[in-house]
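Heads up: the structure comes next, in structure tokens.
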Amino acid sequence: MDERTGLPVVGMIGAGQLARMTHQAAIPLGQSLRLLAERADDGAALVAADVVVGDYRDPDVLRAFARGCDVVTFDHEHVPNDLIRALEADAVRVHPRASALRFAQDKRAMRERLTGLGVPCPRWAPVTSAEDVARFADDTGWPVVLKTARGGYDGKGVWVVADADEAAKIVALDAEFLVEEHVGIVRELAAVVARSPFGQGAAWPVVETVQRQGICVEVIAPAPDLDEEQAEEAQSLALRIAAELGVTGVLAVELFETADGLLVNELAMRPHNSAHWTIEGSRTSQFEQHLRAVLDYPLGDTTPTARVTVMANLLGGPEDVVPKGIDERVHHCMARWPDVKIHLYGKQFRPGRKVGHVTALGNDVATVRGRAASAAAYLMNGDTAS
Ligand code: ADP
């Protein structure tokens, strides 16, 4: 408890853009996040007052950080699960709990659990050798998708492999693998929900996530022309997964739309890129909702504020430097698209790195998409051709 405010203290492990935007949502709730940052210049560490710089893999650092917190939550899923369990054994309130987070940390554990629940997933198998992969491909055909069970993000740790020779090179790497059938994806969707320890659940509309080279570049809310029944199915599925796995906080369920229906790709148990649009596009943003959920407050209304909301990511590149004239571009972007909202994360520019996003709202998908894409392209490249 913070003596000055009479309110509980929320600690977040990790100080990237998700923490930065959660901190922003915390302010009107009388909150100020306590952060465990890797570096003093992490995006969120630059804007929050109560920052500890330390290694989240060090049990002593974690224990000391958690001591003053009423609840501990995460901006990423890299904290080793046994260390989270150790915090729980010390009676620290951690949300999501280690027992749930496990399924966002390990794709093999996730596939096993979801398959057990009868949730539709791509066909998959754990593999340790090229022979295992080839045996799997006998059933599904080539290519197949090899994934590391842990540690992947933005398409790193995912390989589409054409034959057993390629598979052999990858499984030789020092990691645990699973193989999946190569799904015919019509498009990628995300169903984002929140669940509180009390058991309340809330869902946002299902969105389309547009991917380029394994990185999400754009999110359209709601997913255009998605069949109403499928949208409801995806929302119910996400709420059911949250309840069955005991997720607390925000849960993003990444989905593949295929000719034969929806399949679950993966789970994230934290605010997620596919719901950044909720900052302007919903009565309650995912960041406020995550805080409400981990504090076991009642959840907020998720009604959209516009018929269509589009979020476009700002991806750094091609050089490791701040684009020349970025300040001038911000100025011109604001002048040209006064309705577009700019979010910059205070991160160092690196090729392909998410350094910010823009959001546009309106009535018509093509127009709103066009404005968001043009504003994003202009900010990053100085031109409007995306
Ligand atoms: P990450 O953990 O890096 O986000 P994902 O498992 O989400 O990895 O995979 C990244 C991307 O690779 C997905 O967004 C999708 O485009 C593609 N992909 C993943 N699994 C499959 C699959 N089984 N079939 C076809 N494409 C896939």
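Quick notes
- Listing of strands (runs of 3 or more DSSP E) fully contained in region 169-215 that carry 2 or more residues being farther than 25 Å from residue 235 by Cα: 177-181
- Against the test of being among the basic types (Lys, Arg), in contact with an Asp or Glu (Cβ under 9 Å, 6 or more places away or on another chain), crowded, with 16+ Cβ neighbours inside 10 Å and closer than 29 Å to residue 11 by Cα, the options 102, 97, 111 yield a single qualifying residue, 97.
- Looking only at region 160-182, residues that are more than 9 Å from the ligand (Cβ to nearest atom) and either farther than 22 Å from residue 268 by Cβ or without any contact (Cβ under 8 Å) to a residue 40 or more places away in the chain (or both) come to 15 in all.
- Region 114-148 - residue that is assigned to a helix (DSSP H, G or I), farther than 13 Å from residue 164 by Cβ and without any contact (Cβ under 8 Å) to a residue 12 or more places away in the chain and, of those, nearest to the ligand (Cβ to nearest atom): 115
- On the stretch given as region 308-354, residues that are among the β-branched types (Val, Ile, Thr) and at pLDDT below 95 total 3.
- Residue in region 116-129 that is within 12 Å of residue 180 (Cβ to Cβ), more than 24 Å from the chain's Cα centre (by Cα) and surrounded by 16 or more Cβ atoms within 10 Å (Cβ to Cβ) present: yes
- Among the residues of region 267-305, the one identified as surrounded by fewer than 18 Cβ atoms within 10 Å (Cβ to Cβ) and closer than 25 Å to residue 78 by Cα is 296.
- Scanning region 149-159 for residues that are part of a strand (DSSP E or B), near the ligand (Cβ under 7 Å from one of its atoms) and either in contact with a strand residue (DSSP E or B) (Cβ under 6 Å, 6 or more places away or on another chain) or farther than 19 Å from residue 274 by Cα (or both) turns up just one, 158.
- Test: residue 263 is of a type in the set (A, V, I, L, M) and under 17 Å from the mean Cα position of the chain (by Cα): no
- Residues that are surrounded by fewer than 17 Cβ atoms within 10 Å (Cβ to Cβ) and either over 27 Å from residue 243 (Cβ atoms) or within 16 Å of the ligand (Cβ to nearest atom) (or both) within region 183-209 comprise 184, 185, 186, 187, listed in sequence order.
- Qualifying residue in region 13-29 (condition: touching a helix residue (DSSP H, G or I) at 6+ places or on another chain (Cβ under 7 Å) and surrounded by fewer than 18 Cβ atoms within 10 Å (Cβ to Cβ)): yes
The values are calculated or read from the model by the stated rules, or taken from the named source; none is laboratory data. Note that this is a predicted model, so its numbers are computed, not measured. So basically every Cβ, Gly included, is an ideal-geometry build from the backbone, and we count neighbours across all protein chains shown.
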